[in-house]
Amino acid sequence: MIRFLIPFVAVVLFLLEPVFALFSPITFGDQTVFLVPRFVILYLIFISIYYNRGRAILYGLFFGLLYDVFYIDIIGLYSFLYPLVCFVAGYAVKFIHQHLSVTTILSVLLVGLMEILLYYFFFFINLTSIPFTDFLSNRLLPTIIANLLFLIMLGWAFKYLINARVLQRADDIS
Amino acid sequence: MPHFTSKKLILLLVGMIFLVALISFSLRDRQNATLPEQIIKDTVGLAQSIVAKPANYITNIFNDINSLLTTYEENKRLKMRLEEFAVLQAEVNTLKSENKNLRELVDKETSLQDFNPLYATVIARNPDQWEEKIILNKGTAHGVELNMAVMTSKGLIGKISLVTPFTSEVELLFSNNPNYRVSAMVQGKNKDVFGLIEGYDVERNELLLKRIDSSLDVKVGEKIVSSGLGGIFPKGILIGEVTEVTTDDFGLTKMAYVKPSADFSMLQDVIIAKRSIVSIDGSDGEGTNVDLTNEVEESTADEGEEK
């Protein structure tokens, strides 16, 4: 049961992302703020940290490809970045304390890093022309804050779910 | 750093080359989806439309509550405009019948304004909002074609940029694509002024109407509608309102800032407009460097006579 729950949650998060994207952009006075939901990759980072790095990279490749084909139409962008982020997360976990608050901050920072990489890519192919300072204030910071809120609300649930799977797997082996 | 063996390194390099090739391949051809792409798009689209339904329902409830709170104010304002509206209605009716009669007189049946509306629901919006794009639940199976105009009840929002059998993608007007132009006109009191909607101003969040003849006068507050002369869109779809008029970058033509009339942040139900008169899609379609006008005359000789 839990075995299938892990990919199922990823699929649900993937489908929820565009629904939350409908609320963006939000206008505060004279400033327009973009909130980018990054639920899938946050979840995959958690899988990478608490469960299995290889599995996370595989999921990252799959969902990255879906993302590319369905939304971006540039195949190879997210299907490269998602596994990369999972790989880095799985690598970094050896050097950090695996407390929930630490992993939350790490995940959000990685998402911020991914945003910056994406910004440079889209800037490079002329899809966007906004200067970096505008990107920082209108996109990156709001996105990081919104995703941090999301993780604070649901991070413990992810951890609980993944731990349940890890325990179940240990039972299966023994 | 993790230890790399030479085998892993080769794999990584091959992967990188494959990746760059894939990216450049998909960047080059962005108007047609290949078969595997179409299958993925349709499957994800189906799942997405199932999720979108309850989500739309919930947002509708919030909107209803919001409009309920402002009912009193709105009612007051609407009552004031009601009398005005009755007069306007009568005027529109006379103009309509007059237009019809005149049209019969000159034997001109089809007009640039005519279009067949096709109602669609937004099932997703590109979550990383780098490229302003929405995905609709209607595709080629329902008669959607590339480059059709997409609008809400308030005004034009974009055009179809990619279709699969059951979904279609809309590129919104707020686009950085330099090839994305909409032939538009300013509805003046006496004379229509033509221009092109080209790009947008990031800071002001307003569209730019460029290439207006500098001898013509455009005033703040005038309405911008699509002109139908681009060959694809129907005529007369409202785009927005002029907020400022300046000169162009080179000082040769005028440029106007246009505040779009449609609300781009919460798109749910849209109308796809297929214009009735024959459309010439030029370099937007597959007809780059092809003599389109002669071909059209040959293939649709009847319509040519009507004009």
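Return yes when A:V11 is within 9 Å of chain B (Cβ to nearest Cβ) and within 14 Å of the chain's Cα centre (by Cα) and no when it is not.
Against the criterion (within 9 Å of chain B (Cβ to nearest Cβ) and within 14 Å of the chain's Cα centre (by Cα)), A:V11 qualifies.
Does B:I65 satisfy being farther than 19 Å from A:S79 by Cα, within 9 Å of chain A (Cβ to nearest Cβ), in a helix (DSSP H, G or I) and at pLDDT 85 or above?
no
Out of all the residues in the range A:64-83, which are crowded, with 22+ Cβ neighbours inside 10 Å, within 15 Å of A:E17 (Cβ to Cβ) and within 7 Å of chain B (Cβ to nearest Cβ)?
A:V69, A:F70, A:Y71
Given the conditions (1) in a loop (DSSP other than H, G, I, E, B); (2) in contact with a Pro (Cβ under 7 Å, 6 or more places away or on another chain); (3) closer than 27 Å to A:R38 by Cα, which single one is not true for B:A124?
B:A124 satisfies every listed condition except (1).
Taking B:S153, is it part of a loop (DSSP other than H, G, I, E, B), under 26 Å from B:A55 (Cα atoms) and touching a strand residue (DSSP E or B) at 6+ places or on another chain (Cβ under 9 Å)?
Criteria met by B:S153.
What's the number of the only condition in (1) under 22 Å from A:F8 (Cβ atoms); (2) modelled with pLDDT under 90; (3) polar (S, T, N, Q) that A:S107 fails to meet?
All conditions pass for A:S107, except number (2).
What tally of residues in the range B:30-42 results from selecting those that are surrounded by 14 or more Cβ atoms within 10 Å (Cβ to Cβ) and either part of a helix (DSSP H, G or I) or more than 22 Å from the chain's Cα centre (by Cα) (or both)?
6
Each row is one residue, and each column tells you yes or no for (1) away from chain B (no Cβ under 14 Å); (2) among the aromatic types (F, W, Y); (3) surrounded by fewer than 15 Cβ atoms within 10 Å (Cβ to Cβ).
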| residue | (1), (2), (3) |
| --- | --- |
| A:V108 | yes, no, no |
| A:F122 | no, yes, no |
| A:I130 | no, no, no |
| A:F135 | no, yes, no |
| A:P142 | no, no, no |
| A:L148 | yes, no, no |
| A:I152 | yes, no, yes |
| A:G155 | yes, no, no |
| A:F158 | yes, yes, no |
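Among the numbered criteria (1) surrounded by fewer than 17 Cβ atoms within 10 Å (Cβ to Cβ); (2) in a helix (DSSP H, G or I), which one does A:H97 miss?
Of everything listed in (1) surrounded by fewer than 17 Cβ atoms within 10 Å (Cβ to Cβ); (2) in a helix (DSSP H, G or I), A:H97 misses just condition (2).
Considering only the range A:47-63, I want to know if a residue exists there that is assigned to a helix (DSSP H, G or I), within 11 Å of chain B (Cβ to nearest Cβ), among the hydrophobic types (A, V, I, L, M, F, W, C) and within 12 Å of the chain's Cα centre (by Cα).
Yes: one or more hits.
Looking only at the range A:17-38, count how many residues are assigned to a helix (DSSP H, G or I) and more than 7 Å from every other protein chain (Cβ to nearest Cβ).
Number satisfying all stated conditions: 1.
Take the conditions in a helix (DSSP H, G or I), under 29 Å from B:N205 (Cα atoms), touching a residue at least 24 places away in the same chain (Cβ under 8 Å) and aromatic (F, W, Y) and apply them to A:Y43. Does it pass?
Answer is no for this residue.
Only one of A:F8, A:F14, A:F28 is under 30 Å from B:N63 (Cβ atoms) and modelled with pLDDT of 90 or more. Can you tell me which?
Exactly one residue qualifies, and that residue is A:F14.
The values are calculated or read from the model by the stated rules, or taken from the named source; none is laboratory data. Computed from a prediction, not measured in an experiment: that's the story for all the values here. Backbone-built Cβ (ideal geometry, glycine too); neighbour counts: all protein chains shown.
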